[in-house]
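The values are calculated or read from the model by the stated rules, or taken from the named source; none is laboratory data. Note that the structure is a prediction, hence the values are computed from the model and not measured. Here the Cβ is made from the backbone with ideal geometry for all residues, glycine too, and neighbour counts use every protein chain on show.
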Amino acid sequence: MVEFYRFLDTYEALIYILLAIGGLFSFRWLLRSWRDWRIAVFSLEREFSSRRLARSVAISTLIIILFCFVFSVTSFVIPGLPSDFFLATPTIDFISTPTGTLSPEMQTQFANVPEGTVAPNTSGCVPNQLSITFPQPGDEISGAIEITGTVNIPNFGFFKYEVAPAGSETWATIAAGREIVNEGRLGSWNTAALTPGDYQLRLVVVDNQGIELPACIVPVRIASQ
């Protein structure tokens, strides 16, 4: 069912075009069959006309039903699905319990990224809507910590928080959530496996239409254990 909904959402316009073309031919056939049936005089001719008319009516009815079905699903069912339904976010699993620990692959990738300068971008941080209250910009952290903040926007979908070395755009998703949070716990982050140094932590919110808002980014320093 998931793949079916995705197919309809992706090819909605093409499906409408094909149904319109099919409807044009079927209704034309229906009109011609109806005219032939009306002017038929002999019983055998009238019987053949009736059969063609019945087939044309059946095909035209089927096309109308398909059009109504596609319109109902794309207009009422799909918009009501969860916001992450069509998003390609393989790193986010809302069912499992996040550990707040990066995968070994991402740790290796981080190790190969040269250290840059701390370049905070707090333009996406909006008080009472999208913000990180801990850690604060420039905080020195170590071990397992609890990230707190706020994610509360109109048409909220889900949020995720990610980390990257300072000055890098190699972001790794730590964990995610689907609940609105007001000055509370966003999740945990175990920094023990990362090499000490400067990093940037960002909070990303996606609305229920799949649109990603500007991220709230804070620079932090991971201290040695």
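Report whether or not PRO165 is under 13 Å from VAL220 (Cβ atoms), crowded, with 20+ Cβ neighbours inside 10 Å and in the same structural domain as ALA215 (by TED's automatic domain parsing). For PRO165, the condition - under 13 Å from VAL220 (Cβ atoms), crowded, with 20+ Cβ neighbours inside 10 Å and in the same structural domain as ALA215 (by TED's automatic domain parsing) - is met.
Residue-wise test of (1) assigned to a strand (DSSP E or B); (2) surrounded by 20 or more Cβ atoms within 10 Å (Cβ to Cβ).
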| site | (1), (2) |
| --- | --- |
| THR148 | yes, no |
| TYR161 | yes, yes |
| GLU179 | no, no |
| VAL204 | yes, yes |
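Of everything in the stretch 206-219 that is part of a strand (DSSP E or B) and buried (at least 20 other Cβ atoms within 10 Å of the Cβ), the residue that is modelled with the lowest pLDDT is VAL206.
The requirement of being within 27 Å of ILE78 (Cα to Cα) and either crowded, with 18+ Cβ neighbours inside 10 Å or in contact with a Lys or Arg (Cβ under 8 Å, 6 or more places away or on another chain) (or both) is not satisfied by TYR199. Please tell me if ILE132 is at pLDDT 90 or above, in contact with a Ser or Thr (Cβ under 7 Å, 6 or more places away or on another chain), of a type in the set (A, V, I, L, M, F, W, C) and assigned by TED's automatic domain parsing to the domain that holds ALA193. In short, no.
Among the helices (runs of 4 or more DSSP H) confined to the stretch 1-81, the ones with at least 1 residues that are over 19 Å from GLY210 (Cβ atoms) are located at 12-39, 43-72. Of all residues in the stretch 32-58, exactly one satisfies the criterion of being loosely packed, with under 13 Cβ neighbours inside 10 Å, farther than 30 Å from ILE78 by Cα and either within 48 Å of the chain's Cα centre (by Cα) or in contact (Cβ under 8 Å) with a residue 40 or more places away in the chain (or both), namely ALA54.
Quick check: anything in the stretch 182-198 under 18 Å from the mean Cα position of the chain (by Cα) and in a strand (DSSP E or B)?
No, every residue in the stretch 182-198 fails to be under 18 Å from the mean Cα position of the chain (by Cα) and in a strand (DSSP E or B).
For residues that are surrounded by 11 or more Cβ atoms within 10 Å (Cβ to Cβ) and of a type in the set (Asp, Glu), scanning just the stretch 1-30, find the one that is nearest to the chain's Cα centre (by Cα). Within the stretch 1-30, the match that is nearest to the chain's Cα centre (by Cα) is ASP9.
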